[in-house]
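The values are calculated or read from the model by the stated rules, or taken from the named source; none is laboratory data. No experiment lies behind these values; they were computed from the predicted model shown. Here the Cβ positions follow ideal geometry from the backbone for every residue, glycine too, while neighbour counts run over all protein chains shown. Calculation scope for accessible area: heavy atoms of the full protein, side chains included, ligands and nucleic acids excluded. Shrake-Rupley method; radii C 1.70, N 1.55, O 1.52, S 1.80 Å.
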Amino acid sequence: MKHYSSIYNLNNLQKTVKEAIELKGKPLEYEALGKGKTICLLFFNNSLRTRLSTQKAAQNLGMQTIVMNFGSEGWQLEFEDGAVMNEHKSEHIKEAAKVISQYCDIVAIRAFALLNNKEKDEAEIVLNNFKKYASVPVVNMESAIGHPLQALADAITIEENKIINKPKVVLSWAPHPKALPHAVANSFVEMMQLQDVDFVITHPEGYELNPEITKNSMIEYNQEKAFENADFIYVKNWSSYKEYGQVLKTDSEWMITANKMKLTNNAKFMHCLPVRRNVVVTDEVIDSKNSIVIEQANNRTYSAQIILKKILENL
Ligand code: CP
């Protein structure tokens, strides 16, 4: 594997999930693999889990890490070919990506959707230009439309916590005051479509995700009906895709409550974090013994580590 920009870069997801679980049991076994190698982590947006877990994963593999908050510390980048750079953008991606490639063996990028232009977001301008101009492998730490490291951690968490062979997994929309991107939900849908699970998506009308992504998945507009017999409730807010980037609904009707969880098959509660308590989910649910959000965040390390291991083995 050269780049990891989407879960489709992995040719056997179920095998990768198993390999990540094995790695979790012996995280320092491949410490020699990354010796003398460096990863640059470039953040155009904020992060807690992705930043720390990817650093930890690289260190477990013996790599050096360089972290830069590009959004606030780097020169503002120009991505357009042929641009006359006489305004506020100081550096072109063509130089920046090539220069960064000289300092590291892998570059990882976080660059969210701006949510004001669907076509531009779907063009994945930041990620794709790094892939185009960098001479080292590129890892997606959440781009405009995907968060494949999160989706792999989610699959690992489900595999570790399932008590039946084919669990029912529900992805539920929940309210949030701000417009959030679709990346986590998109990658989770793609991941569940390739796992041996009974998968249902539930959200209010108007919150349909990109139909190209959800076309093979069941959508149930009645949240309570969707929750029946669920083994995992995976919660995430996203803004409208059709009315691109708009927040259509903020009331608490779709918040995850203990009463809704009672409809399930004693389901585990999952969320990628950060989460707004008592807006997305009640304290009672996230603090319950069925909440596995902390374990899910822990698996971000092993999701990143298995990906970096595969890239290092291919350098
Ligand atoms: N889930 C996730 O990506 O967390 P951060 O935004 O804190 O990195």
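With a/c under 1.5 counting as rounded, go ahead and sort region 190-304 into rounded, prolate or oblate using the C-alpha gyration tensor (a ≥ b ≥ c being the square roots of the eigenvalues; past the cut-off, prolate if a/b is larger than b/c, else oblate). Verdict is rounded for region 190-304. In the structure shown, do any of LYS18/LYS215; LYS2/LYS94; LYS94/LYS310; LYS2/LYS26; LYS118/LYS260 have a Cα-Cα gap over 31 Å, and if so which? LYS118/LYS260, as the Cα separations exceed 31 Å there. Axis angle, to the nearest 10 degrees, between helix 13-25 and the longest C-alpha principal axis of the chain: 80 degrees. Dividing the summed helix terms, -39500 (n - 2.57) for each DSSP H run of n ≥ 4, by the number of residues in the chain produces a 222 nm estimate of -10500 deg cm²/dmol to the nearest 500. Of the residues SER47, SER53, ranked by 1.4 Å probe accessible area with the largest first, the sequence reads SER47, SER53. Counted residue by residue at 0.36 nm each, then reduced by the alpha carbon distance between them, the extension gain from ILE66 to GLU22 reaches 13.1 nm.
What is the packing order of peptides 209-219, 275-285, taking the mean over residues of other C-beta atoms within 10 Å and listing the highest first?
275-285, 209-219
Looking at this model, which pairs from LYS166/LYS262; LYS37/LYS162; LYS56/LYS262 are more than 25 angstrom apart at the alpha-carbon?
Numbers: LYS166/LYS262 20 Å; LYS37/LYS162 36 Å; LYS56/LYS262 37 Å.
Result: LYS37/LYS162; LYS56/LYS262 exceed 25 Å.
Amide H to amide H, with H built 1.01 Å from N, GLY146 comes under 5 Å of no residue 5 or more places away or on another chain. The alpha carbon radius of gyration of region 66-183, expressed as a multiple of 2.2 N^0.38 Å, is 1.32. Principal-axis analysis of the Cα atoms of the chain puts helix 293-313 at an angle of about 40° to the longest axis.
Just subtract the alpha-carbon distance of GLU29 and GLU253 from 0.36 nm times their residue separation and send over the number in nm, one decimal. Walk me through the numbers before you get to the answer.
Numbers: separation 224, 0.36 × 224 = 80.64 nm, distance 4.76 nm.
Roughly 75.9 nm would be gained on extension.
Enter the Cα centre distance for the pair region 273-315 and region 184-254, rounded to the nearest angstrom. Answer, in whole Å: 18. When the Cα gyration tensor is reduced to axis lengths a ≥ b ≥ c, the ratio a/c is 1.5 or higher for the chain, and with a/b not above b/c it is classed as oblate.
What residues from region 295-315 fall in the zone where the backbone N is under 16 Å from a label point 7 Å along the Cα-to-C-beta line of LYS15? Within reach of a label on LYS15, which here means backbone N under 16 Å from a point 7 Å along Cα→Cβ, region 295-315 contributes 306-307, 309-311, 313-314. Distance from the Cα centroid of region 93-146 to that of region 26-69 is 17 Å (rounded to whole angstrom). Counting only Cβ charges, +1 for Lys and Arg and -1 for Asp and Glu, the dipole size of the chain around its Cα centre is about 700 debye.
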